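Novice: What follows is a structure written as structure tokens; I'll ask about it next.
The values are calculated or read from the model by the stated rules, or taken from the named source; none is laboratory data. This is a predicted model, so every value here is computed, not measured. Reconstructed Cβ throughout: ideal geometry from the backbone, glycine too, with neighbour counts over all protein chains shown.
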Amino acid sequence: MSLPSSIPIFPLEGLLLFPRAVLPLHIFEPRYVAMVDAALKTDRHIGVIQPALEDKESLEKVGTLGRITHFEELPKNRYMIGLTGISRFHLVKERESIDTPFRVANVNYRDFRNDLDEPDELSELDRRRFEKVLKNYAQFAEFELDWSEIKDTETEDLVNSCVMASPYPARERQALLEAATLKERAEMLMALAEVEMSRSDPTQRMQ
């Protein structure tokens with residue numbers, strides 16, 4: 001698959017996109033409506049990336065290329081879109097976007113070639129332990145889960161959905177995005193959950 005080296009950039013603090021995951025977005029700010037308009041006229045590609053923690057005008061070094069796979073035009077010049085992740089990228093350089101109100105950047109995908117493949121480390125991921133931590137965290141945070149739906153969810157979808165819905169700050173979320181493999185991402189997410197629970201209740205630790 002040929003991926004674009006120059007893409008429109010959508011800075012979103014706290015929101016992550018993973019390969020094959022779908023991120024629903026309500027687009028209403030004029031410059032991002034213009035970005036969606038432009039994407040729909042071309043290849044439908046948009047890059048999602050967090051603003052840098054130290055300087056909100058700058059960007060993090062890793063984001064994710066997505067493709068608009070669903071869109072709905074709304075009144076008052078707004079959109080609802082579904083952005084499906086394709087591959088993570090490294091930000092190379094932000095370009096001067098004189099002709100567009102939105103930001104544009106040059107990116108490369110060299111370190112994330114495996115994002116285009118189905119993950120092959122699922123056999124190494126302890127799904128039973130992941131579900132146990134998820135169940136304990138749901139009880140800790142007092143929210144309900146549909147376990148029949150979870151049992152039918154593919155492991156990659158489950159892990160990435162949990163990361164995308166997690167309550168952690170931008171720094172931790174960026175580290176989860178940059179995890180090299182799905183297994184590493186799952187281990188990191190479980191560790192964050194266990195630390196949070198142990199700080200609240202030292203007796204509540206998962207093995």
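Novice: For L125, only one of the following conditions fails: (1) touching a residue at least 60 places away in the same chain (Cβ under 8 Å); (2) closer than 20 Å to L23 by Cβ; (3) not polar (S, T, N, Q). What is its number?
Specialist: Just one mismatch for L125, condition (2).
Novice: For F143, all conditions in the list (1) surrounded by fewer than 12 Cβ atoms within 10 Å (Cβ to Cβ); (2) aromatic (F, W, Y); (3) under 24 Å from F28 (Cα atoms) hold save one; what is the number of the exception?
Specialist: F143 satisfies every listed condition except (3).
Novice: Condition (residue is touching a residue at least 60 places away in the same chain (Cβ under 8 Å), basic (K, R) and under 24 Å from P167 (Cα atoms)) applied to segment 93-116: is it met by at least one residue?
Specialist: The answer is no, given that none of the residues of segment 93-116 is touching a residue at least 60 places away in the same chain (Cβ under 8 Å), basic (K, R) and under 24 Å from P167 (Cα atoms).
Novice: Looking only at segment 95-140, count every residue that is surrounded by 12 or more Cβ atoms within 10 Å (Cβ to Cβ) and either touching a Lys or Arg at 6+ places or on another chain (Cβ under 6 Å) or under 30 Å from P30 (Cα atoms) (or both) and tell me the total. Write out each step before concluding.
Specialist: Step one: list which residues in segment 95-140 are surrounded by 12 or more Cβ atoms within 10 Å (Cβ to Cβ), which gives 95, 97, 100-109, 111-112, 114-116, 119, 121-122, 125-127, 129-140.
In the following step, the residues that additionally are either touching a Lys or Arg at 6+ places or on another chain (Cβ under 6 Å) or under 30 Å from P30 (Cα atoms) (or both) were identified as 95, 97, 100-109, 112, 115, 121, 125.
Residues flagged as surrounded by 12 or more Cβ atoms within 10 Å (Cβ to Cβ) and either touching a Lys or Arg at 6+ places or on another chain (Cβ under 6 Å) or under 30 Å from P30 (Cα atoms) (or both) within segment 95-140 amount to 16.
Novice: Also, I was wondering about something else. Give me the residue from segment 44-60 that is of a type outside the set (A, V, I, L, M) and surrounded by fewer than 14 Cβ atoms within 10 Å (Cβ to Cβ) and, out of that set, modelled with the highest pLDDT.
Specialist: Top of the filtered list is S58.
Novice: Would you please name the residue that is surrounded by the fewest Cβ atoms within 10 Å (Cβ to Cβ), looking only at residues in segment 1-22 that are of a type in the set (A, V, I, L, M, F, W, C) and in contact with a helix residue (DSSP H, G or I) (Cβ under 7 Å, 6 or more places away or on another chain)? Walk me through it before giving the result.
Specialist: Applying the first criterion (of a type in the set (A, V, I, L, M, F, W, C)) to segment 1-22 yields 1, 3, 7, 9-10, 12, 15-18, 21-22.
Subset that is in contact with a helix residue (DSSP H, G or I) (Cβ under 7 Å, 6 or more places away or on another chain): 1, 10, 16, 18, 21.
Values: M1: 6, F10: 24, L16: 23, F18: 27, A21: 19.
By that ranking, first place goes to M1.
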